[in-house]
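Reading through the structure tokens given below for one structure.
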Amino acid sequence: MKFKALTATAALLAATTVYAGGADDDTLVINGEIEMTTKVAAPPHMADTGISELISGWHFRSDETQQLQTDDFENQGMIFVDQALEAWETAEGTEGKSCASCHESPDSMAGVAATYPKWNEEAGELRTVQMQMNDCRTNRMGAEAWKYDAAAAINMESMIASQSRGMPVNVAIDGPAAEAWEMGKELYYTRTGQLELSCASCHEENYGNYIRADHLSQGQINGFPTYRLKNAKLNGVHSRFRGCVRDTRAETYSTGSPEFVALELYVKSRGNGLSVEGPSVRN
Amino acid sequence: MKIKAFTAIAALMVAGTAHAEAVSPNDVQYGEYGTIEASLSGAPGDAENGRAVMISRGKGNCIACHAVTALNDAPFHGEVGPTLDGIGEYRTAEELRGIVANAKMTFEGTVMPAFYKTSGFTRPGNGYTGKAAKEEDLSPILSAQEVEDVVAYLMTLKDG
């Protein structure tokens, strides 16, 4: 009996050690009402990755940074969401239309961030939220396309993401999306640049470990766009990818490129089941 | 007289070897387990400079991934690689030279970058600009002498 108790304690100790450098055990509730799923069992398509539990990047940040995301008055990303709510109502372009002319209230966007990038049947292409916004702007409003990840686009994408907060990420990876998904997977595991590192080198093999002062997360994008304290603005998925690829001393792909669209689908699918958190707060 | 002149020439030749051209990254010979037998620069390493290379972000940046107690005055040691405390005790200079030059010859598939290599990369960039670089324009992350300096420093890490 004694022996058994001891073994149990030892097991518990071992378990805590594993998590010592890893993700913390806090829970994320926003504005005291939206409960977030920040840890969840990995989807079946990740069986050969060695990752059994998906963990939001929120768990790898300091308590102070985490705190900022729990309240919309402290989350500075929400200032830009407010700006986008205004833009939503503002008519632009030759047709004299705004987003609201076709979509009415912003809450009609609930679920969008959870399911994009998504295959568009008529266009025969995989579309990110920003590509879809630009399709509306150019084809329905007669307005100019927004530059990829530029302030106007990223603010609107954050507003749209905020409508899905708390909903599980659930992108489709089969059917017509399968080809792009495979391409994204290939990119994820390709070791680039003079440092010869892939996304997996850092975010699959080493999440939980420190690399210099940074605590490596799983590189999830359920929290995008992210408000970063480092540059005091909202940051897009493709811009983050660029930064990570650049840090391998490699030639990056461009924001909005087919490669990054495919990589976005693949990385997003590695978060299927986590709550949409955008806009989140990161350092 | 003749003999003296001969000795002088021989001395000159030895000195010449010490300043010989470094082995170029593409010509490095690795042993079966990834070792490199002789100094890459032809000269011995300077441990003091090796220490500086280890902690410099633009050079080795070794502590980004490795903890080293003797370097605790430099902040933010990483956990991606094992601690290097006592490494000079259980690794030879030949092994360490091979690991620093191209760790993949010792540890297959390791995430540790190769510091003395200039070819065979996918989408190599021009430093940290994100822009493309031509392979023929790449220089190794560390020079031959800097690799030797790092090896000399690692050899001083005796108690771990």
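The values are calculated or read from the model by the stated rules, or taken from the named source; none is laboratory data. Values in this document were obtained by computation on a predicted structure and should not be read as measured data. Positions of Cβ are backbone-derived with ideal geometry, glycine not excepted, and every protein chain shown enters the neighbour counts.
Structural remarks
- Of all residues in segment A:168-209, those satisfying the criterion of being closer than 30 Å to residue B:78 by Cβ and polar (S, T, N, Q) are A:190, A:192, A:194, A:198, A:201, A:206, A:209.
- For segment B:69-111, the set of residues classified as hydrophobic (A, V, I, L, M, F, W, C), at pLDDT 95 or above and under 25 Å from residue A:203 (Cβ atoms) consists of B:80, B:84, B:99, B:103, B:107, B:111, listed by residue number.
- Leading residue by the ranking (surrounded by the most Cβ atoms within 10 Å (Cβ to Cβ)) among those in segment B:122-140 that are without any contact (Cβ under 8 Å) to a residue 12 or more places away in the chain and among the charged types (D, E, K, R): B:123
- Against the test of being closer than 24 Å to residue B:60 by Cα, of a type in the set (A, V, I, L, M, F, W, C) and modelled with pLDDT of 95 or more, the options A:200, A:213 yield a single qualifying residue, A:200.
- Some residue of segment B:70-80 being touching a residue at least 40 places away in the same chain (Cβ under 8 Å), more than 8 Å from chain A (Cβ to nearest Cβ), under 20 Å from the mean Cα position of the chain (by Cα) and crowded, with 18+ Cβ neighbours inside 10 Å: no
- Boolean, residue B:116 is within 13 Å of chain A (Cβ to nearest Cβ), in a loop (DSSP other than H, G, I, E, B) and within 18 Å of residue B:52 (Cα to Cα): yes
- Summed over segment A:139-155, the residues that are farther than 16 Å from residue A:256 by Cα, hydrophobic (A, V, I, L, M, F, W, C) and part of a helix (DSSP H, G or I) give a count of 1.
- Residue in segment A:214-231 that is on the phi > 0 side of the Ramachandran plot and within 14 Å of another protein chain (Cβ to nearest Cβ) present: no
- Any hit, segment B:114-121, residues being surrounded by fewer than 18 Cβ atoms within 10 Å (Cβ to Cβ) and at pLDDT 95 or above: yes
- Exclusive hit being modelled with pLDDT of 95 or more and closer than 17 Å to residue A:57 by Cβ, set A:257, A:239: A:239
- Scan of segment A:135-151 for residues that are out of contact with any helix residue (DSSP H, G or I) (no Cβ under 7 Å at 6 or more places or on another chain), of a type in the set (A, V, I, L, M) and either under 15 Å from residue A:90 (Cα atoms) or touching a residue at least 24 places away in the same chain (Cβ under 8 Å) (or both), ordered by number: A:141, A:151
For every residue, the table says whether it meets (1) of a type in the set (A, V, I, L, M, F, W, C); (2) farther than 19 Å from residue A:234 by Cα; (3) outside any loop (DSSP other than H, G, I, E, B).
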{"position": "A:48", "(1), (2), (3)": "no, yes, yes"}
{"position": "A:51", "(1), (2), (3)": "yes, yes, no"}
{"position": "A:54", "(1), (2), (3)": "yes, yes, yes"}
{"position": "A:67", "(1), (2), (3)": "no, no, yes"}
{"position": "A:70", "(1), (2), (3)": "no, no, no"}
{"position": "A:73", "(1), (2), (3)": "yes, no, no"}
{"position": "A:80", "(1), (2), (3)": "yes, no, yes"}
{"position": "A:86", "(1), (2), (3)": "no, no, yes"}
{"position": "A:101", "(1), (2), (3)": "no, yes, yes"}
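- Only one of the numbered conditions (1) surrounded by fewer than 21 Cβ atoms within 10 Å (Cβ to Cβ); (2) facing another protein chain (nearest Cβ under 10 Å); (3) not hydrophobic (A, V, I, L, M, F, W, C) is not met by residue B:91, and that is (2).
- Here residue A:223 clears all of (1) in contact with a Ser or Thr (Cβ under 6 Å, 6 or more places away or on another chain); (2) free of Cβ contacts under 8 Å to residues at least 12 places away in the same chain except the condition numbered (2).
- Among the residues of segment A:108-134, the one identified as touching a residue at least 40 places away in the same chain (Cβ under 8 Å), part of a loop (DSSP other than H, G, I, E, B) and among the hydrophobic types (A, V, I, L, M, F, W, C) is A:110.
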